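Note sheet for the following structure.
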Amino acid sequence: MEIKTSDYTVKFDEANALVTCAGSFRLNGVDEYSPIVNLLQSAADQSPAQLTLDLRGLEFLNSSGINVLSKFVISMRQRANIQLIVKGSKRIPWQTKSLLNLQRLMPALQLDMED
Amino acid sequence: MHSVVFGRYETELPETKEHLTLSIAPAAFPLRWSLCSLSANFMADYVGSVFRNVNGFETQLDQLKHTVSYVANELVENAFKYHHDFTTGITITISKHRANFFLLVSNSVDAQRLPDFYTFLEVLTNRDPTELYAERLEQALLEDMENDGASQKKSGLGFITMMMIYDVTLGWRFDTNEPHSQVMLTTMAQIPIAKELFQNGN
């Protein structure tokens, strides 16, 4: 499953329970993010033991995007049977602090920041 | 005219030799969402051009440009969403004063919404951003569930993110022009410049 626009791509690799986001998320409000939210929810609905969200290629995220990502993480708190892993990049300015914040919302979240 | 201020709003910005202003006139054409990212990217590129020699401090410059881009994007998105009187335009100005860039975005607002705005900003400027962030998210999630996925109220997450993640200081000034009761809001973002960028004669 893939969502592709001129600004971003979101890919769901079902076999590996991996969602990869790349590019720039600058959509107008949470409504425009609903296809992405639906993809994330579908990935979680497969009930994998481990679900990985790879954000290393996500260069820009506006506040509606942060909102959507944070709400997804909060919803994952209810799914104790799924280990959520988030991969980020220290190379991208917003990711270090923002992703630590996500971890505060869900302490069980495994955060892997690469250099 | 009378003014109401929230947060840190510097009224005594000194005369600057250099600043950049973008003025978007909605009467001339419909406001397009892509103008938010266009304006934001342009402001960030402009900031990049202010520093001529950053050998060894490219990371600091990238981070500064990214912050300007994020802040400009958020403030312009808000201006587009809440702009009320389409006979007036939206203005975006950036200028540098000592160790900070000041980004100002002005737009008209609906006078009927002022009480809501004031309440929202009172909370935002008096609470700890980290606590407020978690609280607002959980609230937004609850509202989504009640409204079948559509959260109607402004969460303030953009402003909170600016303060928490990007170390930006924010201020808001509402100017009301009697007797027409037109209200202009100017949002001011103070963006710190890393001291390393002042090396090499910058």
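Remarks
- Any hit, region B:5-27, residues being more than 14 Å from chain A (Cβ to nearest Cβ), at positive phi and under 15 Å from the mean Cα position of the chain (by Cα): yes
- The lone exception for B:Leu121 - which of (1) more than 10 Å from chain A (Cβ to nearest Cβ); (2) of a type in the set (A, V, I, L, M, F, W, C); (3) surrounded by fewer than 18 Cβ atoms within 10 Å (Cβ to Cβ); (4) more than 25 Å from B:Ile193 (Cα to Cα) it fails: (3)
- Among the residues listed as A:Ser75, A:Ser47, the single one being hydroxyl-bearing (Ser, Thr, Tyr) and surrounded by 15 or more Cβ atoms within 10 Å (Cβ to Cβ): A:Ser75
- Taking every residue in region B:30-45 that is closer than 21 Å to B:Tyr82 by Cα and pairing it with any residue that is part of a loop (DSSP other than H, G, I, E, B), at least 6 positions away or on another chain, the pairs with Cβ-Cβ distances below 8 Å are B:Leu31/B:His83; B:Trp33/A:Asn28; B:Cys36/A:Arg26; B:Ser37/A:Arg26.
- Test result for A:Ile82, β-branched (Val, Ile, Thr) and either in contact with a strand residue (DSSP E or B) (Cβ under 9 Å, 6 or more places away or on another chain) or away from chain B (no Cβ under 14 Å) (or both): yes
- Among the numbered conditions (1) touching a residue at least 40 places away in the same chain (Cβ under 8 Å); (2) within 14 Å of chain A (Cβ to nearest Cβ), the only one that B:Lys65 does not meet is (1).
- The residue of region B:152-190 that is nearest to the other protein chains (Cβ to nearest Cβ), among those that are crowded, with 19+ Cβ neighbours inside 10 Å and without any contact (Cβ under 8 Å) to a residue 24 or more places away in the chain, is B:Ile165.
- Restricting the search to strands (runs of 3 or more DSSP E) fully inside chain A and requiring at least 3 residues that are more than 30 Å from B:Phe57 (Cα to Cα) gives A:2-4, A:8-13, A:18-25, A:50-61, A:83-89.
Yes/no per residue for (1) closer than 18 Å to B:Ile193 by Cα; (2) crowded, with 16+ Cβ neighbours inside 10 Å:
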residue	(1), (2)
B:Ile24	no, yes
B:Ser39	no, yes
B:Ser49	yes, no
B:Asp62	yes, yes
B:Val71	yes, yes
B:Thr88	no, yes
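- Condition broken by B:Val54, with the remaining ones in (1) of a type outside the set (S, T, N, Q); (2) more than 10 Å from chain A (Cβ to nearest Cβ); (3) in contact with a Phe, Trp or Tyr (Cβ under 8 Å, 6 or more places away or on another chain) satisfied: (3)
- Region A:50-72, residues that are surrounded by fewer than 16 Cβ atoms within 10 Å (Cβ to Cβ) and basic (Lys, Arg): none
- For region B:93-105, the criterion of being away from every other protein chain (no Cβ under 14 Å) and within 26 Å of A:Glu32 (Cα to Cα) is satisfied by at least one residue.
- From the list A:Gly23, A:Gly88, A:Gly29, the one residue that fits, being within 11 Å of the chain's Cα centre (by Cα) and surrounded by 16 or more Cβ atoms within 10 Å (Cβ to Cβ), is A:Gly88.
We did not get these values from a lab; they are worked out from the coordinates using the rules stated. Please read these numbers as outputs of a predicted model, since none were measured by experiment. Neighbour counts run over all protein chains shown; Cβ positions are idealised from the backbone, glycine included.
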